[in-house]
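See structure below.
The values are calculated or read from the model by the stated rules, or taken from the named source; none is laboratory data. Being a predicted model, the structure only gives us computed values, none of them experimental. FYI the Cβ positions are ideal-geometry reconstructions off the backbone, even for glycines, and counts take in every protein chain you see.
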C-alpha cells in the first residue's frame, strides 16, 4: 500500500506554527515510506477565505521546502462532487432535510444548558421533517443511533466514543454549500488519503467523519492526532505569545531548516538528539514517537537553533537566504564582497540573518555618520596621526590581503608605542562607522583597497574638523 498523506489548511489566515508542524509531520511520514503528500486548500468558508491567505500558505510551503506531490486542490472547485455525495446520502436515507429555524435551535440549546446537558440537536426533523414555506432547509447526516465509534489512533491509542454522544451534524447549509466534515470525507476518499495527521482538536470531528465514511461504504484512513502547541503560560499558542505567520520567521532572519528542525522537536524526539538534517528527520521519524502531551513553544530555543544552522550550514546556502535580506536594505550584493565570504566572516556573531545583514551594510554602502559614542571614544586627539600612518602604508601595499594588513596594524602600534587597541579601534570606527566588527584585518581585506582608503581619509577630515570646533 502506498502511503498517502495530506495537509489541508483553511485559508482564513496565515500559515502558522501549528499548521506548519502538521504539514511537516505529514510530509515526513510520506517521504519516509516512499508515499505521496497532497496539498489541499479547504476554502469552502467563502466569507473568511481570502486569496491573500492562500498566497501566504503557498509561499510558506515553498519557503519551508515542503514540496507536495499533488495539488494544490481547492474545495471550491469540487462543489459538484460534494453535491453528488450529499444526494447519495439522501437517497440512502443517511441524510435528511432539516427545517428547524435558527431561533428554535437557539431555544433548544438554551434549555439543554439550563438542564446542564451537552448542547446537541435533538433529531426533531430526523424522521418527520416538514417543509416550511419561505424556509430553505439544511441537510443533516443521520448519525447511527446506537453503537460506538472505535479507532486506534497512531498517537493517542484506542479511542471509543458512543454514537449517543454525537448528534446529526449539518453537511449542507441552507444555501446548498457543503460543510467541513462532509468535504473532508469526500476529499480524503477521492484522493486516496490513508493516513490523516492533524491536531488533536479534531478528534471530535474524526468520530463523525468515520461514520460518514462508513455510510459511503469506505474504509476510514488511519488517524494520528497530534497534541497542541502551548505558550509558556500553558495556554494554546496564539498571537499574544508571539505566534506569527511562518513567513514572519523568514522576515526575522531564520533559516527554513532551523525552523523545520525546531518544529519537528515540538512533540517528537529521537533520544537526546537536538539537531537533525532533513535526511535524518525522514529516516528517523515515526508516528509512535510523537509525544502524547502538549509541547511548549520556546522562542529562545528556536533562536539558539537558528544560530547553530547559520554557523554550520554551507555558506553558499546561507548566502542564498541572506541575499533576500540584503535586497530589503536596497543593497546589491554585486557591489561588495561575495555573500558567502560575508557569511563566513559574520556567522559566529549573528544569531539571525537580519543581524548579519544589518552588521554587513558598511561593506556595500557608505554610512551617513559615525556612531556617536564610538566616535567620541576613539576619534580623540592623536587618532588622526594614527590613521594617517595607516593610510600611507596601506596605499603602498602591493597585495591587499588580510595577513599583510594585519602586519601593518601591528607594526604601526609598535612604531607609535601604542597598545594595539589604540590603533585598531580608530581604524575600525573609520571603516565601519561603529566600534564593533569582525577581525579588523579580514574586514579590511573584504572591504577592499578603494573603500578602505576613502573611509580613512574621511575619518581623518572628520577628526580635523572636530578639533577645530
Problem - In segment 276-307, the residues that are surrounded by 14 or more Cβ atoms within 10 Å (Cβ to Cβ), without any contact (Cβ under 8 Å) to a residue 60 or more places away in the chain and more than 15 Å from residue 237 (Cβ to Cβ) - result: 276, 280, 284, 303, 304, 305, 306, 307
Exercise for the section: Inspect segment 399-414 for any residue being on the phi > 0 side of the Ramachandran plot, modelled with pLDDT under 95 and out of contact with any helix residue (DSSP H, G or I) (no Cβ under 7 Å at 6 or more places or on another chain) and give the result as yes or no. Expected result: no
Exercise for the section: Return yes or no: is residue 46 touching a residue at least 12 places away in the same chain (Cβ under 8 Å) and either in the same structural domain as residue 191 (by TED's automatic domain parsing) or crowded, with 20+ Cβ neighbours inside 10 Å (or both)? Expected result: no
Exercise for the section: Search segment 81-96 for residues that are within 14 Å of residue 186 (Cβ to Cβ) and pair each with any residue that is part of a helix (DSSP H, G or I) when their beta-carbon atoms are under 6 Å apart and the residues are at least 6 apart or on different chains. Expected result: 82/183; 82/186; 85/186; 94/215; 95/89
Handout entry: Qualifying residue in segment 342-362 (condition: at pLDDT 95 or above, farther than 17 Å from residue 436 by Cα and over 26 Å from the mean Cα position of the chain (by Cα))
Key = no
Completion exercise
Of the candidates 82, 29, the one satisfying the condition of being farther than 22 Å from residue 195 by Cβ and either in a helix (DSSP H, G or I) or out of contact with any strand residue (DSSP E or B) (no Cβ under 8 Å at 6 or more places or on another chain) (or both) is 82
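Results for (1) in contact with a helix residue (DSSP H, G or I) (Cβ under 8 Å, 6 or more places away or on another chain); (2) in contact (Cβ under 8 Å) with a residue 40 or more places away in the chain; (3) closer than 21 Å to residue 343 by Cα, shown as yes or no for each residue.
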site: 388; (1), (2), (3): yes, yes, no
site: 392; (1), (2), (3): no, no, no
site: 434; (1), (2), (3): yes, yes, yes
site: 438; (1), (2), (3): yes, yes, yes
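In segment 102-123, which residue that is part of a loop (DSSP other than H, G, I, E, B), surrounded by 10 or more Cβ atoms within 10 Å (Cβ to Cβ) and free of Cβ contacts under 8 Å to residues at least 12 places away in the same chain is nearest to the chain's Cα centre (by Cα)?
At the first step, the residues of segment 102-123 found to be part of a loop (DSSP other than H, G, I, E, B) are 115-123.
Going one step further and asking which of them are surrounded by 10 or more Cβ atoms within 10 Å (Cβ to Cβ), we end up with 117, 119-123.
Filter again for free of Cβ contacts under 8 Å to residues at least 12 places away in the same chain, leaving 117, 119.
Working: 117: 40, 119: 37 Å.
The residue in question is 119.
Residue under question is residue 245, and the condition is that it be within 20 Å of residue 42 (Cβ to Cβ) and within 19 Å of the chain's Cα centre (by Cα); does it hold?
Working: within 20 Å of residue 42 (Cβ to Cβ): yes; within 19 Å of the chain's Cα centre (by Cα): yes.
For residue 245, the condition - within 20 Å of residue 42 (Cβ to Cβ) and within 19 Å of the chain's Cα centre (by Cα) - is met.
Which residues, counting only those in segment 363-387, are assigned to a helix (DSSP H, G or I) and within 45 Å of the chain's Cα centre (by Cα)?
Restricting attention to segment 363-387, the residues satisfying the condition of being assigned to a helix (DSSP H, G or I) are 363, 372-378, 383-387.
Of everything in segment 363-387, those that are assigned to a helix (DSSP H, G or I) and within 45 Å of the chain's Cα centre (by Cα) turn out to be 363, 372, 373, 374, 375, 376, 377, 378.
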Practice task
Return a yes/no flag: does segment 49-58 have any residue that is surrounded by fewer than 14 Cβ atoms within 10 Å (Cβ to Cβ), modelled with pLDDT under 95, within 22 Å of residue 185 (Cα to Cα) and in the same structural domain as residue 22 (by TED's automatic domain parsing).
Solution key: no
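Each row is one residue, and each column tells you yes or no for (1) in contact (Cβ under 8 Å) with a residue 12 or more places away in the chain; (2) surrounded by 19 or more Cβ atoms within 10 Å (Cβ to Cβ); (3) assigned to a loop (DSSP other than H, G, I, E, B).
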| site | (1), (2), (3) |
| --- | --- |
| 410 | no, no, no |
| 417 | no, no, yes |
| 428 | yes, yes, no |
| 442 | yes, no, no |
| 457 | yes, no, no |
| 463 | yes, yes, no |
| 466 | yes, no, no |
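Return yes when residue 249 is buried (at least 17 other Cβ atoms within 10 Å of the Cβ) and either out of contact with any helix residue (DSSP H, G or I) (no Cβ under 8 Å at 6 or more places or on another chain) or part of a helix (DSSP H, G or I) (or both) and no when it is not. Outline the logic, then answer.
Numbers: buried (at least 17 other Cβ atoms within 10 Å of the Cβ): yes; either out of contact with any helix residue (DSSP H, G or I) (no Cβ under 8 Å at 6 or more places or on another chain) or part of a helix (DSSP H, G or I) (or both): yes.
Judged against the criteria, residue 249 is a match.
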Fill in the blank from the handout: Every listed condition ((1) surrounded by fewer than 17 Cβ atoms within 10 Å (Cβ to Cβ); (2) farther than 17 Å from residue 96 by Cα; (3) in contact (Cβ under 8 Å) with a residue 24 or more places away in the chain) holds for residue 135 save (2)
